[in-house]
Amino acid sequence: MMDVSDTTKESGIESAEGIDTEGLSPAVLASAGSVALALYFYYVRGDKQRGQFVGFWPVTILAMASYFKLEEIKQMLAGDDE
């Protein structure tokens, strides 16, 4: 006999399989570009303050991308419950 937790687990696995897992999304590329830009400002131009400021961008970009991806997953799982 299958209980509710097994059914929920199986539907979650099926939903997770449908999620797109691209390796190099635009957010990852933008983060890598901003790291390069931060290194350029810090070492090449000698503008350490601007280099440090730009160096915070990748964290923010990836955090926002993670948030939007989690919201997408949440909506997919909510759609399965209906």
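Taking segment 6-65 as the range and being outside any helix (DSSP H, G or I) and at pLDDT below 95 as the test, the residues that pass are GLY18, ILE19, ASP20, THR21, GLU22, GLY23, LEU24, SER25.
Give me a count of the residues in segment 38-56 that are surrounded by fewer than 11 Cβ atoms within 10 Å (Cβ to Cβ) and on the phi < 0 side of the Ramachandran plot.
So the count comes out to 3.
The values are calculated or read from the model by the stated rules, or taken from the named source; none is laboratory data. Keep in mind that this is a model prediction, so the values were computed, not measured. Quick reminder, even Gly has a Cβ in these numbers, built from the backbone with ideal geometry, and neighbours come from all protein chains shown.
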